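Engineer: Have a look at the structure that comes next, please.
Values in this text are rule-based calculations from the coordinates and carry no lab data. Treat the numbers as computed from the prediction; the structure is a model and nothing was measured. Quick reminder, even Gly has a Cβ in these numbers, built from the backbone with ideal geometry, and neighbours come from all protein chains shown.
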Amino acid sequence: MFNFFNLGKLFQITSRSTRYVFVLFMIVLAIGLSESLFLSPEDYKQSHSVRIMYVHVPAAWMALGIFSMMTFLSVGTFIFKNKKFYLVSKSLAPSGFIFNIIALITGSIWGKPTWGTWWAWDARITSMLILALFYFMYLLSWKIIENKNTVIKISSLIVIVGAINLPIIKFSVNWWNTLHQGPSLKIIGETTIHSSMLIPLGIMTAAFALFSLLIFLMKFNTEMIKIKNKGLDRL
Amino acid sequence: MVKKVKLRILFLIALVLSIILSVYLILKSLEKDVVFFLSPTDIKNLEEIDTKKIRVGGMVKNKSIIINSEKINFIVTDFKNEINVSYSGSIPNLFSENKGVVAEGFLQDKNYLRAVKILAKHDENYMPPEVKEALGEK
């Protein structure tokens, strides 16, 4: 069972590790940005506008990855009422939402020079917008619902319902004709990004993952402090 | 206690299944609207020509672009069927022969689309120009 002693120990670890994660994030981001903005080659067709990919794609991956994690945590929360799960899920959500917004905005900026439009009601883009709305609903549910038991139930249900959108996002470019291009990295089959572009993409993904971890740790610490201060709220 | 856990699991299964089914039904019935564009083959198979704005997508046929003083004509192909497109206005940078394109406009007949907007569709291949040249030489 999750007791206060455990929570205190966890708090010690998370509050200490924040600064190390921050330093690591800054280093990886510096390498990733110089690789992707200066050292990587331009694309044969899109020339320099391909560099938006190094922000757009990792941001979209993070948004999807964090929502998937939140799905598992929410199922755990809903079924077993485990309090560790919903605290982690609640702390993960803000960075996922931010990355989702970043993916939408950079996609729009990328779309204008390449496709010739800022926005299209294409299956991939629309399903990504729906994901952003689910993140928004999840975050809002914590603000507007006062009763603790209710908010835990409702917020996890929002994530579980929203999770059905995840495979739709992933496969939207395969199931329907879309303006958005198909996947370059496939689970089965060849990768169609040249290695000189794949490496900066990987580094940027690592940097974004570290940023998510950093924001997660900070949010989690805040939640812990809240629980510590409110004796009643003790888990 | 254990009984409640079982009930919650059952509730979740019922919830997820019902939503998956309804989303599937909605998307299936809206398939025509979910697709962003029709291919020239889809156009050929249309039963009647719609007067509404539609989008046609495919590849710009090699050596089919003809630029007049105010109009640009080209052929969109899906390697089975073709459709002629005419357009006047600004074109996106990536628009070129042998590349993907989505033309939005009004169908005049099954072989001719008067476009009001051109979108370039790019593929999932990313590589530096040198690599592309090397591939081309092969």
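Engineer: Please find, in a Gaussian network model of chain A (springs between Cα atoms separated by less than 10 Å), the residue of A:97, A:80, A:211 whose mean-square fluctuation is greatest.
Structural biologist: Looking only at A:97, A:80, A:211, the biggest GNM fluctuation is shown by A:80.
Engineer: Running a GNM on chain A with Cα contacts under 10 Å, which residue among A:218, A:62, A:70 ends up with the highest mean-square fluctuation?
Structural biologist: Result for chain A, Cα springs under 10 Å: A:218 fluctuates most.
Engineer: What is the spin-label model distance, in nm, from residue A:19 to residue B:13 if the labels are put 7 Å beyond Cα along the C-beta direction?
Structural biologist: The answer from the label model is 5.1 nm.
Engineer: Per DSSP H run of at least 4 residues, take -39500 (n - 2.57); add these up for chain A, divide by its residues and hand me the 222 nm value, nearest 500 deg cm²/dmol.
Structural biologist: It comes out at -26000 deg cm²/dmol, rounded to the nearest 500.
Engineer: Report, by chain and number, residues whose modeled amide H sits under 5 Å from the one on residue A:193, excluding near sequence neighbours (fewer than 5 apart, same chain).
Structural biologist: For residue A:193, the qualifying residues are B:126.
Engineer: Report, largest value first, the span of the C-alpha coordinates of chain B along each principal axis, in whole Å.
Structural biologist: Result, largest extent first: 78, 46, 27 Å.
Engineer: Arranged by the count of other C-beta atoms within 10 angstrom, fewest first, what order do B:63, B:121, B:99 take? Walk me through the numbers on the way to the answer.
Structural biologist: On the way: B:63 10, B:121 25, B:99 14.
Arranged by neighbour count, lowest to highest, B:63, B:121, B:99 become B:63, B:99, B:121.
Engineer: Which residues in segment B:77-100 have a backbone N closer than 15 Å to a point placed 7 Å from the Cα of residue B:70 along the Cα-to-Cβ line?
Structural biologist: B:87-90
Engineer: Let me ask another. Run the simple label-point estimate for residue A:34 and residue B:133 please: 7 Å along Cα→C-beta, distance reported in nm.
Structural biologist: Result: 2.8 nm between the two label points.
Engineer: Specify whether the C-alpha gyration tensor of segment A:157-235 places it in the rounded, prolate or oblate class, a ≥ b ≥ c being the square roots of the eigenvalues: rounded for a/c under 1.5, otherwise prolate if a/b is larger than b/c and oblate if not.
Structural biologist: It comes out oblate by the Cα gyration axes.
Engineer: Shifting gears a bit: Please check: in the Gaussian network model of chain B (C-alpha springs, under 10 Å), which one of B:46, B:107, B:17 has the largest mean-square fluctuation.
Structural biologist: The residue that fluctuates most here is B:17.
Engineer: Can you give the Rg to Rh ratio of segment A:120-209, both from alpha-carbon atoms, with Rh computed by the Kirkwood formula?
Structural biologist: 1.10
Engineer: Under 5 Å between amide H atoms, partner at least 5 residues away or on a different chain: which partners does residue B:112 have, H built in plane at 1.01 Å?
Structural biologist: The list, which skips near neighbours in sequence, is B:84.
Engineer: With n ≥ 4 as the cut-off for DSSP H runs, can you work out [θ] at 222 nm for chain B, using -39500 (n - 2.57) per run divided by the number of residues, rounded to the nearest 500? Could you put the intermediate results ahead of the total?
Structural biologist: Details: 4 runs with 46 residues, N = 138.
Per the formula, -10000 deg cm²/dmol.
Engineer: What angle do you read, to the nearest 10 degrees and between 0 and 90, between the alpha-carbon axis of helix A:53-80 and the longest principal axis of chain A?
Structural biologist: 30
Engineer: Here's a follow-up. With r as the distance between the Cβ atoms of residue A:140 and residue A:175 and R0 = 41 Å, compute the FRET efficiency 1/(1 + (r/R0)^6) and round to 0.05.
Structural biologist: Details: r = 30 Å, r/R0 = 0.74.
Efficiency for this residue pair is about 0.85.
Engineer: Select from B:56, B:34, B:135 the residue farthest towards the positive end of the dipole of chain B; place +1 on Cβ of Lys and Arg, -1 on Cβ of Asp and Glu, and compute about the Cα centre.
Structural biologist: B:34
Engineer: Give, in whole angstrom and from largest to smallest, the semi-axes √(5λ) of the equivalent ellipsoid of segment A:152-195, with λ running over the eigenvalues of the Cα gyration tensor.
Structural biologist: Three semi-axes, in Å: 30, 13, 8.
Engineer: Provide the per-residue ³J(HN,Hα) series for segment B:29-35, in order, calculated from phi with Karplus coefficients 6.51, -1.76, 1.60 and θ = phi - 60°, each as a whole number of Hz, with x at glycine and proline positions.
Structural biologist: Using θ = phi - 60°, the values come out as 6, 9, 3, 4, 8, 6, 5 Hz.
Engineer: Another question, then. Of A:9/A:148; B:80/B:132; B:71/B:132; A:84/A:143; A:112/A:219, which sit over 29 Å apart, Cα to Cα?
Structural biologist: B:71/B:132; A:112/A:219
Engineer: Then there is this: Ranking A:135, B:112 by Cβ neighbours within 10 Å, fewest first, what do you get?
Structural biologist: By the 10 Å Cβ count, ascending: B:112, A:135.
Engineer: Report P(r) for segment B:76-130: all Cα-Cα distances, bin width 10 Å, range 0 to the bin holding the largest distance, values in whole percent.
Structural biologist: With 10 Å bins starting at 0, P(r) equals 21, 51, 21, 6, 0.
Engineer: Return the Rg/Rh value of segment B:18-80, two decimal places, where both radii are evaluated on C-alpha atoms and Rh is the Kirkwood radius.
Structural biologist: My calculation puts Rg/Rh at 1.15.
Engineer: Which FRET efficiency, nearest 0.05, do residue A:68 and residue B:3 yield, Cβ-Cβ r, R0 30 Å?
Structural biologist: 0.50
Engineer: Let me ask something additional. Sorted from largest down, give the three principal axis spans of the alpha carbons of chain A, whole angstrom values.
Structural biologist: Computed over chain A, the largest-to-smallest principal extents equal 61, 38, 31 Å.
Engineer: Continuing with the same structure: Karplus couplings for segment A:206-222 from phi (6.51 cos²θ - 1.76 cosθ + 1.60, θ = phi - 60°), rounded to Hz, Gly and Pro as x?
Structural biologist: Result, ordered by residue: 4, 4, 5, 5, 5, 5, 4, 4, 4, 5, 4, 4, 5, 5, 5, 4, 4 Hz.
Engineer: Hey, what angle do you get for helix A:4-34 against the long axis of chain A, alpha-carbon based, 0 to 90 degrees rounded to 10?
Structural biologist: Around 20 degrees separate the two axes.
Engineer: Based on other C-beta atoms within 10 Å, arrange B:109, B:123 from fewest to most.
Structural biologist: Working: B:109 10, B:123 13.
With the sparsest Cβ surroundings first, the list reads B:109, B:123.
Engineer: Right, another one. Under a point-charge model restricted to the Cβ atoms of Lys and Arg (+1) and Asp and Glu (-1), what is the dipole moment magnitude of chain A relative to its Cα centre, in debye to the nearest 20?
Structural biologist: 1100
Engineer: Quick one: give the max-minus-min coordinate of the C-alpha atoms of segment A:58-144 along each principal axis, largest first, in Å.
Structural biologist: 49, 26, 19
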